[in-house]
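Read the structure below first, then the notes.
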Amino acid sequence: MKTAALRFVSHNATFEAIGLALPDWPLSAIVEQRQPKLHLDGTSMVINIFGIATSPRKVSNSRIILEASLRAVIDAGAADLSYDIVSLSEHKVQSCLACKVCGKDKTGKYIPCVQYDSDDVRMLHEKLLQADGILVSTPVYFGLPSDLFIQFMNRTRILRHQDFRLANKPVGIMATAGRRNGGGEIAITAAWHPFLRNGCIPVGNGGGTSQYGAVGWATQSGTITQDVWGMQQGFEVSARVYSLAKIIKAGMAETGYAFPMEFSETDGKPPFEC
């Protein structure tokens, strides 16, 4: 097994493919000093990453940094990376009804969400379940992730109640704020909470600085590409999710061990409700 270094290199073709024309980025000094190290063993294993852009805008900085970062990881040498990105603004996601019907019954049988036939959440859940790793990109509102993010994550309650079906998936967060100190880091840590409750593994941006995730600095659509440090962090978070997803998937394939988690309907509840 050889060790390969991923490098974030500015390729105009990468960004032209998503409708952007960029000048050369002055990244060489950063990249030469800090290169995420990945073990690329040449196997046919495919690492599937599911990206979720949670901005209400049709053309959003959240989507741009997410897609550009994943493309950059592939350009940097992760030939076994496959990704799928959705923008929640393009899908119907209804609020959780708190009906307490879905999840798992007393016999252990899984019960689907009562709203699966009336919105797009079933499809989105399937993409989450098929992914080896998850990346979320959100705008920052008052130090919090977007309401689209919160509404969607509330709907993952069913997956948690079905014995933590998202368990052990690495998750990275990118947050774009309109102000330099506009709450990017606390929005990232707030976004971790529902993933932690689902048994996922939140990660930062790996070696070099090992920060909470990627914080972009932009207001107008498309200007995120001018934030060199933010885009660098987006790449690093994506590389970190990819790296850990590969380690976990390879380890599970080698050992056959999946670290199962079982949901309890009674643990931690008031005794008079059990």
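The values are calculated or read from the model by the stated rules, or taken from the named source; none is laboratory data. Fair warning: this is a prediction, and the values are worked out from it, not measured in the lab. Using ideal geometry, Cβ is built from the backbone for each residue, glycine included, and neighbour counts are taken over all protein chains shown.
Taking the conditions exactly as written (among the hydroxyl-bearing types (Ser, Thr, Tyr), under 30 Å from LYS100 (Cα atoms) and part of a loop (DSSP other than H, G, I, E, B)), does SER221 satisfy them or not? Working first, answer last.
On the way: among the hydroxyl-bearing types (Ser, Thr, Tyr): yes; under 30 Å from LYS100 (Cα atoms): no; part of a loop (DSSP other than H, G, I, E, B): yes.
So SER221 does not fit the description; no.
Just to be sure before I move on: is ALA190 surrounded by fewer than 21 Cβ atoms within 10 Å (Cβ to Cβ), modelled with pLDDT of 90 or more, in contact with a Pro (Cβ under 8 Å, 6 or more places away or on another chain) and among the small types (Gly, Ala, Ser) in the structure I sent?
Values: surrounded by fewer than 21 Cβ atoms within 10 Å (Cβ to Cβ): yes; modelled with pLDDT of 90 or more: yes; in contact with a Pro (Cβ under 8 Å, 6 or more places away or on another chain): yes; among the small types (Gly, Ala, Ser): yes.
Yes: the conditions hold for ALA190.
Kindly indicate whether LEU135 is outside any strand (DSSP E or B) and either touching a residue at least 24 places away in the same chain (Cβ under 8 Å) or buried (at least 18 other Cβ atoms within 10 Å of the Cβ) (or both).
On the way: outside any strand (DSSP E or B): no; either touching a residue at least 24 places away in the same chain (Cβ under 8 Å) or buried (at least 18 other Cβ atoms within 10 Å of the Cβ) (or both): yes.
The answer is no for LEU135.
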Quick count over region 229-274, residues being part of a helix (DSSP H, G or I) and among the hydroxyl-bearing types (Ser, Thr, Tyr), is 4
When region 81-132 is checked residue by residue, the ones that are assigned to a loop (DSSP other than H, G, I, E, B), closer than 30 Å to ILE248 by Cα, modelled with pLDDT under 95 and of a type in the set (Gly, Ala, Ser) are GLY108
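Can you tell me which of MET231, MET252 is more than 26 Å from THR156 (Cα to Cα) and over 15 Å from the mean Cα position of the chain (by Cα)?
Criteria check complete, one pass: MET231.
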Please pick out the residue among GLY216, GLY199, GLY204 that is surrounded by 15 or more Cβ atoms within 10 Å (Cβ to Cβ) and within 13 Å of the chain's Cα centre (by Cα). GLY204
Checking HIS193 against (1) within 19 Å of THR54 (Cα to Cα); (2) touching a residue at least 12 places away in the same chain (Cβ under 8 Å), the condition it does not meet: (2)
Of (1) surrounded by fewer than 22 Cβ atoms within 10 Å (Cβ to Cβ); (2) in a helix (DSSP H, G or I); (3) over 16 Å from the mean Cα position of the chain (by Cα), MET153 satisfies all except one. Which? (3)
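Can you find even one residue in region 186-193 that is under 19 Å from LYS246 (Cα atoms) and either assigned to a loop (DSSP other than H, G, I, E, B) or of a type outside the set (S, T, N, Q) (or both)? Show your work before the answer.
Of all residues in region 186-193, those under 19 Å from LYS246 (Cα atoms) come to none.
Within region 186-193, none of the residues are under 19 Å from LYS246 (Cα atoms) and either assigned to a loop (DSSP other than H, G, I, E, B) or of a type outside the set (S, T, N, Q) (or both).
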Mind listing whichever residues of region 49-75 are over 17 Å from VAL93 (Cα atoms), touching a strand residue (DSSP E or B) at 6+ places or on another chain (Cβ under 7 Å) and small (Gly, Ala, Ser)? SER60, SER62
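Can you confirm whether PHE263 is touching a Phe, Trp or Tyr at 6+ places or on another chain (Cβ under 7 Å) and aromatic (Phe, Trp, Tyr)? It would help to see each step written out before you state the result.
Working: touching a Phe, Trp or Tyr at 6+ places or on another chain (Cβ under 7 Å): yes; aromatic (Phe, Trp, Tyr): yes.
It is true that PHE263 is touching a Phe, Trp or Tyr at 6+ places or on another chain (Cβ under 7 Å) and aromatic (Phe, Trp, Tyr).
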For a quick check of your reading of the model, give me the residue pairs whose first member lies in region 210-224 and is over 20 Å from THR189 (Cα atoms), whose second is surrounded by fewer than 19 Cβ atoms within 10 Å (Cβ to Cβ) and not hydroxyl-bearing (Ser, Thr, Tyr), with beta-carbon atoms closer than 8 Å and at least 6 apart or on different chains. THR219/GLY178; SER221/ARG57; SER221/VAL59; GLY222/LEU20; GLY222/VAL59
Restricting to region 35-64, and then to whatever is basic (Lys, Arg) and surrounded by fewer than 16 Cβ atoms within 10 Å (Cβ to Cβ), can you tell me which residue is modelled with the lowest pLDDT? LYS37
